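Report on the following structure.
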Amino acid sequence: MDSTQELKIVRWSIIITIVISVMSLVIHDLIYFQTHESTPLDTAFIESGFGKISFSNKVQSYSISNDIYQDYELGFQILKPNDTWKVIPMSDNMNDESMEILKTKGFLDGIYLEQNNEKHFMIAVFDVSQKSSFELANYVDTQIETMKNIADVDIQIRQVSQSNDWAIFGAHAHSENIDEYGEQLLYLENNRLYMLQYTGLSPSEMKTEIKSEYRSILDSFKILG
């Protein structure tokens, strides 16, 4: 794993407030800007950069499907739309030093969802049980302020549930070295923080079918109850 990828993991890991690298999570040209509170988690439908997605904190039925990747140890599921997508364990792609740094922050493990050798999505899971209080709003705001310290950042999505169950945020960051798109979807459940992160092209630059496929991945991210 090269140094850029290692920095990407460390700098965008939950709780770590280190500045982002060139390939870190950043967002370009999102359509919707939301700061209001939404409906409760089990009925929440919000607009991401890829279109409307549903938020549901738990999936009780475990369907057997080649298209659904389910990690019972970490407790989540995600759509793998077709055979061009591969699941790569994060722990298999980090050196010992990076892993030890993350473990001190409660990192359990995670995966990359990769297509054509490009890691478009990352899911990381953290144990936050040692925190007396973990507020998603504070975490999101810390990341935003960190980004603003190193690049021009337009925050175009920021939504946090009143019940502190979930959050979503996105930004377009641009500087001499950065002009990219990303989105972060967060769940807080049973003292675990689940983070789904997209990094890649802006939806406005994608073909309709690709944008729809990426939206379906975001929409499929669920916690296994």
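All of the numbers you see were taken from the coordinates with simple rules; none came from a lab. As the structure is a computational prediction, the values presented were derived from the model and not from experiment.
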Checklist entry - How big is the convex hull of the Cα atoms of the stretch 88-207, per residue, in Å³? => result 136
Checklist entry - Of Lys119/Lys222; Lys86/Lys148; Lys103/Lys211; Lys105/Lys222; Lys148/Lys211; Lys80/Lys148, which ones are farther than 31 Å apart at the Cα? => result Lys86/Lys148; Lys103/Lys211; Lys80/Lys148
Next on the checklist: Averaged across orientations, what area in nm² does the convex hull of the alpha carbons in the stretch 125-173 project?
Outcome noted: 4.0
Next on the checklist: How large are Rg and Dmax for the stretch 177-225 when calculated on the C-alpha trace, in angstrom?
Outcome noted: 13.2, 42
